[in-house]
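The values are calculated or read from the model by the stated rules, or taken from the named source; none is laboratory data. All figures in this text were calculated on a predicted structure; none of them were measured in a lab. Positions of Cβ are generated from backbone atoms using ideal geometry, with glycine treated the same way; all protein chains shown enter the neighbour counts. These area figures cover heavy atoms from the full protein model, side chains too; ligands, DNA and RNA do not enter into them. Shrake-Rupley method; radii C 1.70, N 1.55, O 1.52, S 1.80 Å.
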Amino acid sequence: QMQLVESGGGLVQAGGSLRLSCAASGRALSFYSMGWFRQAPGKEREFVAAIRRSDGGTNYGDSVKGRFTISRDNTKTTVYLQMNNLKPEDTAVYYCAAGNLQSDHVGAYGNWGQGTQVTVSS
């Protein structure tokens, strides 16, 4: 059973940066496409970014394009989300997820981490 553990969240001022990490145990991430989602209080879980398992192709949610970058390390055990020029509306719990297909849909991912809180102050 794969386990995903996110880290790197915290409190940052608007315009600042954070890098989130998602470490996997139980099975190499190279078998999966990986996604990052976020959920703010009272809102549905929102797609942020995904990276394809086959060739590393990426896609992003409209609200983060040009500011966030998803990547994976060469050993393919950790996936990152570099977040730059953060805005207060980026405040949410951020989750990483593993699935068979690169997708912006929550239902495409069968394995989820516990989430890490990101808070952006104005």
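Quick check, is Trp36 surrounded by fewer than 20 Cβ atoms within 10 Å (Cβ to Cβ) and in contact (Cβ under 8 Å) with a residue 12 or more places away in the chain?
no
Filter the range 66-115 down to residues that are modelled with pLDDT of 95 or more and of a type in the set (Lys, Arg) and give me whichever is nearest to Met34 (Cα to Cα).
Only one residue fits best here, namely Arg67.
Any idea which of (1) touching a Gly at 6+ places or on another chain (Cβ under 7 Å); (2) of a type in the set (Lys, Arg); (3) modelled with pLDDT under 95 is the one Arg27 doesn't satisfy?
Tallying (1) touching a Gly at 6+ places or on another chain (Cβ under 7 Å); (2) of a type in the set (Lys, Arg); (3) modelled with pLDDT under 95, Arg27 fails exactly one: (1).
Step by step: first the residues of the range 39-88, then only those that are farther than 16 Å from His105 by Cβ and among the acidic types (Asp, Glu), then the one that is least open to solvent (accessible area, probe 1.4 Å). Which residue is that?
Among those that are farther than 16 Å from His105 by Cβ and among the acidic types (Asp, Glu), it is Asp73.
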